[in-house]
1. Ranking request for peptides 50-59, 84-93, 164-173: highest mean number of other beta-carbon atoms within 10 Å first, then the rest in descending order.
2. Using a cut-off of 11 Å between beta-carbons, work out the net charge of the residues near Phe53 (Lys and Arg +1, Asp and Glu -1, Phe53 not included).
3. How far apart, in nanometres, would the label points at Phe193 and Arg141 be if each is projected 7 angstrom from Cα along the Cα-to-Cβ direction?
4. Report, in deg cm²/dmol and to the nearest 500, the calculated mean residue ellipticity at 222 nm for the chain, where each DSSP H run with n ≥ 4 adds -39500 (n - 2.57) and the sum is divided by the residue count.
5. Using the Cβ atoms and a cut-off under 14 Å, what net charge is assigned to the surroundings of Tyr154, where Lys and Arg are +1 and Asp and Glu are -1?
6. For the stretch 78-94, in order, what is each residue's ³J(HN,Hα) by Karplus, 6.51 cos²θ - 1.76 cosθ + 1.60 with θ = phi - 60°, in whole Hz (x at glycine and Pro)?
7. Can you tell me what percent of all Cα-Cα pairs in the stretch 48-202 are more than 26 Å apart?
8. Each residue of the stretch 51-58 in order: what ³J(HN,Hα) in whole Hz does its phi give by Karplus 6.51 cos²θ - 1.76 cosθ + 1.60, θ = phi - 60°, with x for Gly and Pro?
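Coordinate-derived values only; no laboratory data. None of the values given here were measured: they were computed from a predicted structure. Here the Cβ positions follow ideal geometry from the backbone for every residue, glycine too, while neighbour counts run over all protein chains shown.
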Amino acid sequence: MENQTTDTSQDLGQLQLDLIKKRKSPVAFSDKEVTKDQLEQLFEAARWAASCFNEQPWRFVVATRDQGDHYKKVLNGIHPHNQTWAQNAPVLMLTFAKKTFDKNGKPNMHSWHDLGLAVGNMSAQATAMGLYVHQMAGIVRENILNDFDIPDDYDVVSGIAIGYKLDIEDVPEDLIARETKERTRKPLNEIVFDNEWSESSF
């Protein structure tokens, strides 16, 4: 029984790792609707992320295509270079991180890190649901601050597009190269060190 339990745990662990490896940031989105229930699941995953002192400093402004002017306002906060493809996503959002701790008012140097954990949870949940999340550093902070009443105690951090990936045969010619580009990662021995910097047993 113990061996069976261990094997099951290993199988589940591999499934989770495979799911993480499957995550991708597409630039060609289908117009298929993402439902409110699906969005709630994504935000629920984000809500349970770890954070320093459990401050949960992340905030999101979300817009679905059917929200018209609100969607356009969120899109206006995204850099024009990214707008060319992001405008096709059924869901757009902007992310924010609280600059200070609620508990003592001191600067929270980890708020961006914690926001990243929340979005990481969201990305994993999206992948499990057959959805795709594309995070963007390319935003226009001035537009976001002008268009939304953002409290002074929050940093504008990133933009996000969410939706279903477009079938490859339907991807516009100008996006084919980006959509089919090979996904690569640095090997473990370049990022994990043991006794000395740059020395690794992996």
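1. Sorting 50-59, 84-93, 164-173 by mean packing, highest first, produces 84-93, 50-59, 164-173.
2. That sum, taken over residues with Cβ under 11 Å, equals -1.
3. Label at Phe193, label at Arg141, 3.0 nm between them.
4. Computed mean residue ellipticity for the chain: -12000 deg cm²/dmol.
5. -3
6. Along the stretch 78-94, the couplings run 9, 4, x, 4, 8, 4, 4, 10, 5, 5, 8, 6, x, 9, 10, 8, 10 Hz.
7. Values: 4774 of 11935 pairs.
Pairs farther apart than 26 Å: 40 percent.
8. Along the stretch 51-58, the couplings run 7, 4, 6, 6, 6, 6, x, 7 Hz.
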